[in-house]
Amino acid sequence: MSHPTQKAMVSLALVGKLDNGEIFISVEEQDPLRTQIGNSDLPPTVEQTLLEMTVGERRKIRIPPEEGFGPRQKDLLQTIDSQKMVDALQPKPGMVLALKIDKDGVEQKVPATVISVEGSLITVDYNHPLAGHHLTYELTLLDIEQGAA
């Protein structure tokens, strides 16, 4: 049986869970995820595991934060003092805002999760929601299309 190669298109079913059992992604066999290996759509450890699998094979892997979405970075927390923003958006913890930041002279919108709101002070977190978490993936390789462009 053959294994996928770099740049192969693969179809897979997967379930991704945090250590507390919370499912952060679920893709069923009936509506599989199609992705090209090497496109960085999935964490590198997941792609490496797929390269070792054959069609129909199931594997369970656990990856540390460094191989997933990185460790949580305290410097990505920011407190914004803006009564105007509080009045306009009425932010609440857990809400995701699209905030403008300046990166190398270019203004970009990036997602930030509201951590707390105290009066006009809004504390937001620019870390990816899965940063700092160990991730467990249950993978099923359903199909391989070798030599995809």
Per the filter on the range 9-30, residues without any contact (Cβ under 8 Å) to a residue 40 or more places away in the chain, more than 19 Å from residue 58 (Cβ to Cβ) and either crowded, with 17+ Cβ neighbours inside 10 Å or under 15 Å from the mean Cα position of the chain (by Cα) (or both) are 22
Notebook entry, point to check: Within the bounds of the range 104-120, is there any residue that is surrounded by 14 or more Cβ atoms within 10 Å (Cβ to Cβ), farther than 27 Å from residue 21 by Cα and not assigned by TED's automatic domain parsing to the domain that holds residue 34?
Noted result: yes
Those residues of the range 121-147 which are surrounded by 16 or more Cβ atoms within 10 Å (Cβ to Cβ), assigned to a loop (DSSP other than H, G, I, E, B) and touching a strand residue (DSSP E or B) at 6+ places or on another chain (Cβ under 7 Å) amount to 126, 130, 133
Within the range 57-92, residues being loosely packed, with under 11 Cβ neighbours inside 10 Å and assigned to a loop (DSSP other than H, G, I, E, B) number 2
Here the residues within the range 40-56 that are of a type outside the set (Ser, Thr, Tyr) and surrounded by fewer than 11 Cβ atoms within 10 Å (Cβ to Cβ) are 56
Pairing a residue in the range 90-111 that is closer than 19 Å to residue 130 by Cα with any residue that is at pLDDT below 90 and in a strand (DSSP E or B), where Cβ atoms lie under 9 Å and the two sit 6 or more apart in sequence or on different chains, gives 110/100; 110/101; 110/103
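The values are calculated or read from the model by the stated rules, or taken from the named source; none is laboratory data. Because the structure is a prediction, the values reported are computed rather than measured. Virtual Cβ from ideal backbone geometry, glycine too; neighbours counted across all protein chains shown.
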